[in-house]
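**Student:** Below is a structure I'd like to ask you about.
What follows draws every value from the coordinates through simple rules; no lab data is involved. Values in this document were obtained by computation on a predicted structure and should not be read as measured data. With ideal geometry, Cβ positions are generated from the backbone for all residues, glycine too; neighbour counts draw on all protein chains shown.
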């Protein structure tokens, strides 16, 4: 599907902002975490949100993870939840994010509580390697 100039500008602008306003968290899972600019407002569950004007639509509150996913996949119409395979609500690293049904996203909460992946979904959750 052909993108309009406004859409392409939106994707580039917000991807550039999110990359500039985030940094790699050293050690652990190397999550790309958003900086203080995005810590002011959160939705239920503590996920940072930001108000953006979607091309061809009104202003909308979106999680920063969803915004990054939209920009990297160049898609304004995402059906489903953006899950953090790493369980870090501040992470916007694309290989840590996945678009999936709410039921799968919810099943990841069990993994997070147990601190290991139950393997009841694909792809599996990401946890630091545990030495035994």
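**Student:** Once you have the Kirkwood Rh of the chain from its Cα pairs, apply Stokes-Einstein at 10 °C and 1.306 mPa s and quote D in µm²/s.
**Tutor:** Values: Rh = 15.6 Å.
After rounding, the answer is 102 µm²/s.
**Student:** Which order do 62, 104, 92 fall in if you start with the one that has the fewest other Cβ atoms within 10 Å? Show your work: numbers first, answer last.
**Tutor:** Details: 62 20, 104 16, 92 29.
Ranking 62, 104, 92 by Cβ neighbours within 10 Å, fewest first, gives 104, 62, 92.
**Student:** Then there is this: Please report the relative contact order for region 74-117, taking Cα pairs under 8 Å with a sequence separation of at least 6, and give it as a percent rounded to a whole number.
**Tutor:** Over region 74-117, the number comes to 38 percent.
**Student:** To continue, here is another question. Based on the Kirkwood radius over alpha-carbon pairs, what value in µm²/s does the Stokes-Einstein equation return for the translational diffusion coefficient of region 1-51 at 25 °C and 0.890 mPa s?
**Tutor:** Working: Rh = 12.8 Å.
Answer from the Stokes-Einstein relation: 191 µm²/s.
**Student:** Compute the acute angle (0 to 90°) between the alpha-carbon long axis of helix 102-114 and the principal axis of greatest extent of the alpha-carbon atoms of the chain; round to the nearest 10°.
**Tutor:** With rounding to tens, the tilt is 40 degrees.
**Student:** Could you work out [θ]222 nm for the chain from helices alone, using -39500 (n - 2.57) per DSSP H run of at least four and dividing by all its residues? Round to the nearest 500 deg cm²/dmol. Kindly include the intermediate steps, with their values, before the conclusion.
**Tutor:** Details: 3 runs with 39 residues, N = 132.
Value at 222 nm, helices only: -9500 deg cm²/dmol.
**Student:** Another question, then. How tilted is helix 64-73 with respect to the longest principal axis of the chain? Cα atoms for both, answer in degrees (0 to 90, nearest 10).
**Tutor:** Helix 64-73 and the main axis of the chain meet at about 70 degrees.
**Student:** Contact order normalised by length for the chain, with contacts defined as Cα pairs under 8 Å and 6 or more residues apart; what percent is it? Provide the component values of the computation, followed by the final result.
**Tutor:** Values: 176 pairs, mean separation 27.3, N = 132.
Answer for the chain is 21 percent.
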